[in-house]
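What follows is one structure encoded as structure tokens, with my remarks underneath.
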Amino acid sequence: RHFTFLNAMTSPPWIGDAGDAPGMFGLAQLPFMDLEGEQVFEATFALHVGRRSDVASITDRLFGDAPTLRGRIDDPTARIHVHRANEDGEPGAPVSEIRPRPDGRFSLRLPPGSYAVRALAPGDRSTRSTWTVPEDANEVALPALELAPPAWVRLPTDFTGRLTFLPEAVGSPVVFRSNLLGQTMGDEPIPSGSQAPWLSLAASPLDPARVAVAPGRYRVVAVRGPEYASREVLVDARAGAEVPLDLGPLERVAPTPGWIAADFHVHSGQSFDSGLPRDRQVIAFAASGAEVLVATEHDRIVDPRPSIERAGLGHALVSITGLEATAAFAGGDTPAGTLHLNAFPMTPAPGAPRGGRVPRAEGRRLRDVLAELREAPAPPFVQLNHPRSDQPSPENDGFFEHLSVPGEPFDPTRPLSEAPNRILVDPSPAHGRTDLDYHGVELLNGPSLLRYRRVRADWLSLLLQGERATANANSDSHTADVIVGLPRTYVATGDDSLAAFDPERLLEALHAGRAWGTTGPLLHVHLENAQIGELHAGRKGVLHVGVEAAPWVPVAEWRAYVNGELVHRAPIERGASAALPLAFAADAFVTVEVEGPAEGRYAEVLPGFIPFAFTNPIFVDVDGNGRFDAPGLPEHLPSSLTNPDRPD
């Protein structure tokens, strides 16, 4: 209901004063204020840096001649918001916001007038007041602000997992670590990067000892990823009292021997679009039960190991340093779109700009960025990120939706020899690389299965035409309210213990396609003796599928695909296995998907997610030449290519 308008004109207004707020006539001049060639526009700005992280540290300078107000609040963790008071005394336009000192005292300057004030504090507490600043005042002593006492929950010190506090009566989960700014866009709240409707603990010295909640009874649901059991305890939180949360370790009930859980797309406050402290992200990652964290900050090489050490989590996870090469500039060699590309591992160079050798992606063809990455002393694994979006938009950032040049979307129903697809295989005259010379593609980004199916259509079309890329599943997490480590990719590493982790072995398996992605179900898939990513020889074979999961992860159905065509679907339960005889007329590839309903505890702790898993292909060599020969696009295209928006 309040907004700030910033306007800069290229010359003084014809009507009105340049220092006045712009009126209707001033705005009407804007179409005539364009710069001509070789003209220069110069603007001067003053930047004020506050001594505290609140608005009053700046407004005190702007209101330097105004009276000083001094007060005290009984909880120094509160935030005090000051608004102009409307005629009915309700808050109007915001004026300032104060962060009290550790003793609860505060002071600020305000011009004479009437103000509506509210204080927000942890535990969903608030109080309201009104302040009046007389015209002739120099200093005003304010009455003390008092908040109701919170209820405290003492947290376990030896627990690893994610806690969701659900009111026993119907209600939304408790939100933790709010910045208490209460910002909204219209009626929609704007959460801070650190707040989330859950609490992540990792038996770390950086874990909080206790949390404040509103008095009441809560079901506290604890999970630690799809390999672990969940637990629920009832907490009766009383105002002014502290109750212990009695939780023991969560048992690992569905291990994945030989496979290690990785998230190849993880951000923190080191990225331009995140404010989440890296230490908090590391703790959340351990709480999710994932094991390999690949740090991919936007256009920066940032080593996560110091944060892992500070959190005391070297025993719980390992890391790889990477980056996300990011382009948003439409121009130059890329007149029609943007690009997001992960590369890992990358070598950090402490003290260097952006942390090391970062490829420039702005205004360049994808093939040129790929060529630069291939020139590194140790070429990284390169992954094309979220190449399709959920909702079509002129501003979408999916590479397959614009192809950079000529700006038309990739058509999975057409061969690469036809427009617009042929731009992808157009080699550079300078270095010979094409836009398809990446190694992996982010098939599942976050919880959206619509996006998954759209990217799957592109991926299957390219596979049919001989362009192989390993499909991955990643969280792309930037903020605390986005679950890190889910979706995740399981990679075949032989010995999957963290003590034996070898990044070279993981990269070798990734290049070979020995991986599968999931939001819950855990897979065991092989065609005779051929594992995921391997080659089966022969015209026939039995496909074996086994599904494991923690008891709280629903599993209902499995599906088999040959060359992207759905050939079988059947019910399956957690802990069950199935066998499907297959016959092949020519070289082919086989993929598997497993899905379940989002219900019960799964829906409570993973809002927006659906239990789902997919495999990379098992390739089939029918003619006995020792390799998979891509069949090309069939005359009758599978519906996975022709209608990807429709669920199978």
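The values are calculated or read from the model by the stated rules, or taken from the named source; none is laboratory data. Please read all numbers here as calculations on a predicted model, not as lab measurements. Positions of Cβ are generated from backbone atoms using ideal geometry, with glycine treated the same way; all protein chains shown enter the neighbour counts. Each accessible area value is taken on the protein alone, full model and side chains, heavy atoms only, with ligands, DNA and RNA left out. Shrake-Rupley method; radii C 1.70, N 1.55, O 1.52, S 1.80 Å.
Within region 254-273, the only residue that satisfies the criterion of being surrounded by fewer than 21 Cβ atoms within 10 Å (Cβ to Cβ) and touching a Ser or Thr at 6+ places or on another chain (Cβ under 8 Å) is Gly258. In region 132-142, the residue that is farthest from Arg72 (Cα to Cα) out of those that are over 45 Å from the mean Cα position of the chain (by Cα) and of a type in the set (Val, Ile, Thr) is Val133.
Exactly one residue out of Val455, Val441, Val425 is touching a helix residue (DSSP H, G or I) at 6+ places or on another chain (Cβ under 8 Å), of a type in the set (Val, Ile, Thr) and more than 18 Å from Pro379 (Cβ to Cβ): that is Val455. Inspect region 440-447 for any residue being surrounded by fewer than 18 Cβ atoms within 10 Å (Cβ to Cβ), assigned to a loop (DSSP other than H, G, I, E, B) and either among the small types (Gly, Ala, Ser) or touching a residue at least 40 places away in the same chain (Cβ under 8 Å) (or both) and give the result as yes or no. Within region 440-447, not a single residue is surrounded by fewer than 18 Cβ atoms within 10 Å (Cβ to Cβ), assigned to a loop (DSSP other than H, G, I, E, B) and either among the small types (Gly, Ala, Ser) or touching a residue at least 40 places away in the same chain (Cβ under 8 Å) (or both). Restricting to region 528-545, name every residue that is open to solvent by 10 Å² or more (accessible area, probe 1.4 Å) and either charged (D, E, K, R) or in contact (Cβ under 8 Å) with a residue 24 or more places away in the chain (or both). Listed by number, the residues that qualify are Glu528, Gln531, Gly533, Glu534, Leu535, His536, Ala537, Gly538, Arg539, Lys540, Val542, His544.
Annotation note: Cβ proximity below 7 Å between a residue of region 116-140 that is on the phi > 0 side of the Ramachandran plot and a residue that is surrounded by fewer than 13 Cβ atoms within 10 Å (Cβ to Cβ) and part of a strand (DSSP E or B) (sequence gap 6+ or interchain) occurs for no pair. Of everything listed in (1) part of a loop (DSSP other than H, G, I, E, B); (2) closer than 26 Å to Ser178 by Cα; (3) in contact with a Ser or Thr (Cβ under 9 Å, 6 or more places away or on another chain); (4) open to solvent by 90 Å² or more (accessible area, probe 1.4 Å), the single unmet condition for Arg70 is (1). The number of residues in region 233-253 being within 27 Å of Ala290 (Cα to Cα) and either of a type in the set (Lys, Arg) or surrounded by 14 or more Cβ atoms within 10 Å (Cβ to Cβ) (or both) comes to 6.
To keep it simple, each residue is scored yes or no on (1) open to solvent by 90 Å² or more (accessible area, probe 1.4 Å); (2) aromatic (Phe, Trp, Tyr); (3) within 36 Å of the chain's Cα centre (by Cα).
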| position | (1), (2), (3) |
| --- | --- |
| Phe41 | no, yes, no |
| Glu90 | no, no, no |
| Pro112 | no, no, no |
| Thr130 | yes, no, no |
| Ala144 | no, no, no |
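Scan region 73-98 for residues that are of a type outside the set (Lys, Arg), touching a Pro at 6+ places or on another chain (Cβ under 9 Å), part of a strand (DSSP E or B) and touching a residue at least 60 places away in the same chain (Cβ under 8 Å) and jot them down. Listed by number, the residues that qualify are Ile73, Ile80, His81.
The set of residues from region 591-604 being assigned to a loop (DSSP other than H, G, I, E, B) and either within 23 Å of Ser389 (Cβ to Cβ) or of a type in the set (Asp, Glu) (or both) comprises Ala598, Glu599.
So which residues in region 535-549 are part of a loop (DSSP other than H, G, I, E, B) and either under 30 Å from Leu250 (Cβ atoms) or of a type in the set (D, E, K, R) (or both), if there are any at all? Result: Arg539, Ala549. Across region 550-580, the qualifying residues are those that are in a strand (DSSP E or B) and of a type in the set (D, E, K, R), and the one among them that is least open to solvent (accessible area, probe 1.4 Å) is Arg559.
Residue by residue, here is whether (1) at negative phi; (2) in a strand (DSSP E or B); (3) crowded, with 19+ Cβ neighbours inside 10 Å holds:
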site: Arg451; (1), (2), (3): yes, no, yes
site: Ala457; (1), (2), (3): yes, no, yes
site: Leu463; (1), (2), (3): yes, no, yes
site: Val484; (1), (2), (3): yes, no, yes
site: Thr489; (1), (2), (3): yes, yes, yes
site: Asp495; (1), (2), (3): yes, no, no
site: Ala509; (1), (2), (3): yes, no, yes
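For the condition surrounded by fewer than 17 Cβ atoms within 10 Å (Cβ to Cβ), over 21 Å from the mean Cα position of the chain (by Cα) and at pLDDT below 95, Asp187 qualifies. Scanning region 335-378 for residues that are open to solvent by less than 10 Å² (accessible area, probe 1.4 Å), touching a helix residue (DSSP H, G or I) at 6+ places or on another chain (Cβ under 9 Å) and outside any loop (DSSP other than H, G, I, E, B) yields Leu339, Leu341, Ala343, Phe344, Leu366. Scanning region 605-648 for residues being under 30 Å from Arg574 (Cα atoms) and assigned to a strand (DSSP E or B) gives a total of 7.
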